[in-house]
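The values are calculated or read from the model by the stated rules, or taken from the named source; none is laboratory data. Please read these numbers as outputs of a predicted model, since none were measured by experiment. Positions of Cβ are backbone-derived with ideal geometry, glycine not excepted, and every protein chain shown enters the neighbour counts.
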Amino acid sequence: MISFYRMNAVMVKEIRQLSRDRITFGMVVMLPLIQLLLFGFAINTDIRQIPIAVVDQSQSTAGRVITESVKVTQVVNVVKRFATAEEAEQAIKEGVVKAALILPSDLTQRMVQNRVLGQWVVDGSDTMISSAILALQSMPLTDFDFDIRPPTVKTFEVVLFYNPSRRSAVNIVPGLLGVILTMTMILFTSTAIVRERERGNLELLITTPIHSIELMVAKIVPYIFVGLVQVFIILGLGHFIFDVPINGSVAQILLGTLLFISASLSLGLMISTVAQTQLQAMQMTVFVLLPSILLSGFMFPYEGMPEVAQWISEVLPATHFMRLIRGVVLREADLFDLWRDTLWLAGFTVVGLFIASTRFKKTLD
Amino acid sequence: MSEFAIEAVDVVKQFGNFTAIENVTLRVPKGCIYGFLGPNGCGKSTMIRVLTGLLSPTSGQVNVLGLSIPKQAELLKLKIGYMTQQFSLYDDLSVEENMQFIGQIFGMGSKLLSQRIDEQLVTYGLDSKRKQRVEGMSGGQRQRLSLACATMHKPELLFLDEPTSAVDPENRREFWEQLFELSEQGTTILVTTHYMDEAERCHRLAVMESGVIRADGEPDMLMKQMGVNIVEVKSEQLRSLKQKLLATGAVRSAAQLGVRLRVLIYQDIIEPIQWLKTTFPELQHAEMNIARPSLEDVFVCVTGEGRQ
């Protein structure tokens, strides 16, 4: 017989302990706040102001006009000028500039003959920077009085839905919800049982009539509210500071987040029944947290990952939540449209709770 | 129903290659305070954990309050109170909150619970500490709180694992008063200790060493059955005398107490003082008395062998 009375006793105890643990309580609020501001402003896939060098061997008006029009794009910032290509290469090697634009001495002649005008030498190690420069490959030159190049004809017209201005924050903020919830939810519960063991409370607790499943459920319920507070902070600030549109319904967002919070909490509980010390629990949390950031689609698109990485990614609750929450918040989808992810999160919670409560033995054997 | 609250027969508990308890048979009559005396690491705590169902025995039968353990351990948990060796309540909760928590876990309704908390607070002298958090409370206060929590649901059987190891003598005396009060009300109590004076207060006693029960019975009986006479010798050069005494083979043990030497002489020797005088001429004029046996003597007598 599962007793709600006993579960309530544990919940009240957990809430009391949580509210007296100032540092943890502070983490609940400060963590989403600081990370949101940090990531919201810092993570930007829209590259601007890459430091470059210009080697203008033509010393002509055309050379100066071309340099200016490259600057006007704001993609690059000319910080050095060199006389030879060798000097520019050295500067790239030293890391002073990321790329160099080399305009040869026969520049005007090339313009007339309609040939390639110059060369970009790029430090290609960072693919985001190289693709930003690659985009300049066929940039139109409109600053001349005459058309020096025939206008290019587009093959396709592209329409961007949901984030037409291509602001990174729109994609980052809902994703950040997944990362922060993964971090705090798993961390809180992964230490939950271990802490009782370390402080010696467990031996008493297992000589009482409480059932494993009651203990497990009662341990996660208070943290669901903690998770919801964080959701409120992240989406609220994201909406007001970073102008992230909340297109989906609030009920759908809450329901989706609730599913993810429960899944993360039960994952934390599973860790808690394996770890012997709080330190071990922490290490295991990091073990889950890193792939949740790197493989969940938060930073890099899922579609670009190799198949094996996709399998790992499919196991993580964070991956499913990223799809779910981006779908709901940005694309106005609902949980039925994304039923695969909804089902996965719900299943993960149930299985996780089951595993945690069967692993948690009320004996010391 | 059996007359025993605890009946354990031939219990063995092994951890890997290490045998913590070896063929222990234990019968604890209802309503009695039963002491478990033994040095640290002798298997007292393991025995308690087997009896409460926290550890399953490698072999042997355990029957506690008519329930077969470990099979019916969950049912047993409603009927017993357990005070662990380490303080195991919550430091960051107040006295009252801890009691509430335990009471609710044992399914006490709110009306009964608040009434019971008031009662327990008075009984254990924690009235003024009601709202105080446990962190920063003294060893004695923690111990009283532990006992108050362990007896919240009026258990039939109470397990106390070295309950007084962290408290001063005055608190210990008071604590025992409370145990006798509980016993008076019909609670059976199993208490482990390594203090002799504490063991002496128990109705019955088992002396345990290296996982084996070396002796059990009422403290007085144990003292009578020791098979030695005790002579206290007041003399010079006790250290060398002790060596010589032990070498004779008629002496079970000799322990120095300040200026005296407490000598345990086997009862084969009818006149121990006379024997000492004749065997050791230097003791001709020494002051010697027959002393009343103590539990420490019992302990030394029954456990000596295992120590070597």
Select the strands (runs of 3 or more DSSP E) contained entirely in segment B:1-42, then report the ones holding at least 3 residues which are within 15 Å of B:A215 (Cβ to Cβ) and assigned by TED's automatic domain parsing to the domain that holds B:D216.
B:18-29, B:33-37
Name the single residue, out of those in segment A:22-40 being surrounded by 13 or more Cβ atoms within 10 Å (Cβ to Cβ) and either within 14 Å of chain B (Cβ to nearest Cβ) or free of Cβ contacts under 8 Å to residues at least 12 places away in the same chain (or both), that is farthest from A:I193 (Cα to Cα).
A:F25
When residues of segment B:46-76 are limited to those that are surrounded by fewer than 20 Cβ atoms within 10 Å (Cβ to Cβ) and under 20 Å from B:A150 (Cβ atoms), the one farthest from the other protein chains (Cβ to nearest Cβ)
B:L67
Name the residues in segment A:115-140 that are part of a loop (DSSP other than H, G, I, E, B) and of a type in the set (S, T, N, Q), would you?
A:S125, A:Q137, A:S138
Has segment B:171-190 got any residue that is touching a residue at least 24 places away in the same chain (Cβ under 8 Å), of a type in the set (A, V, I, L, M) and surrounded by fewer than 17 Cβ atoms within 10 Å (Cβ to Cβ)?
no
If I ask for residues that are acidic (D, E) and free of Cβ contacts under 8 Å to residues at least 40 places away in the same chain, which ones from segment B:230-270 would you list?
B:E236, B:D268
So, first residue within 8 Å of chain B (Cβ to nearest Cβ) in segment A:194-205, second residue small (G, A, S), Cβ within less than 6 Å, six or more apart or across chains; the pairs are A:G200/B:S88; A:N201/B:S88; A:E203/B:S88; A:L204/B:S88
Go through segment B:148-169 and count every residue that is surrounded by 21 or more Cβ atoms within 10 Å (Cβ to Cβ), under 19 Å from the mean Cα position of the chain (by Cα) and part of a helix (DSSP H, G or I).
1
Could you tell me how many of the residues in segment B:36-45 are surrounded by fewer than 18 Cβ atoms within 10 Å (Cβ to Cβ) and in contact (Cβ under 8 Å) with a residue 40 or more places away in the chain?
2
Which ones in segment A:1-34 are closer than 21 Å to B:K131 by Cα and either outside the structural domain of A:V229 (by TED's automatic domain parsing) or touching a Ser or Thr at 6+ places or on another chain (Cβ under 7 Å) (or both)?
A:L18
Only one residue in B:L190, B:L145, B:L121 is within 24 Å of B:L65 (Cβ to Cβ) and of a type outside the set (S, T, Y), so which one is that?
B:L190
Of the conditions (1) modelled with pLDDT under 90; (2) farther than 13 Å from B:E296 by Cα, B:M196 fails just one. Which one is it?
(2)
Could you tell me whether A:R16 is of a type outside the set (A, V, I, L, M, F, W, C), free of Cβ contacts under 8 Å to residues at least 24 places away in the same chain, surrounded by 15 or more Cβ atoms within 10 Å (Cβ to Cβ) and in contact with a helix residue (DSSP H, G or I) (Cβ under 9 Å, 6 or more places away or on another chain)?
yes
Any idea which residue in segment B:77-99 is nearest to the chain's Cα centre (by Cα), counting only those that are within 9 Å of another protein chain (Cβ to nearest Cβ) and of a type in the set (A, V, I, L, M, F, W, C)?
B:M83
Can you name every residue in segment B:100-120 that is facing another protein chain (nearest Cβ under 8 Å) and either over 19 Å from A:S212 (Cα atoms) or hydroxyl-bearing (S, T, Y) (or both)?
B:Q100
Number of positions in segment A:146-171 that are at pLDDT 75 or above, surrounded by 10 or more Cβ atoms within 10 Å (Cβ to Cβ) and in a loop (DSSP other than H, G, I, E, B)
4
Being among the acidic types (D, E) and either surrounded by 19 or more Cβ atoms within 10 Å (Cβ to Cβ) or touching a residue at least 24 places away in the same chain (Cβ under 8 Å) (or both) is the filter here, so list the residues in segment A:54-110 that pass it.
A:D56, A:E68, A:E87, A:E89, A:D106
Quick check on B:S128: is it of a type in the set (G, A, S) and free of Cβ contacts under 8 Å to residues at least 24 places away in the same chain?
yes
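Results for (1) assigned to a helix (DSSP H, G or I); (2) among the β-branched types (V, I, T), shown as yes or no for each residue.
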| residue | (1), (2) |
| --- | --- |
| B:S183 | yes, no |
| B:T192 | no, yes |
| B:A199 | yes, no |
| B:S240 | yes, no |
| B:K244 | yes, no |
| B:A254 | no, no |
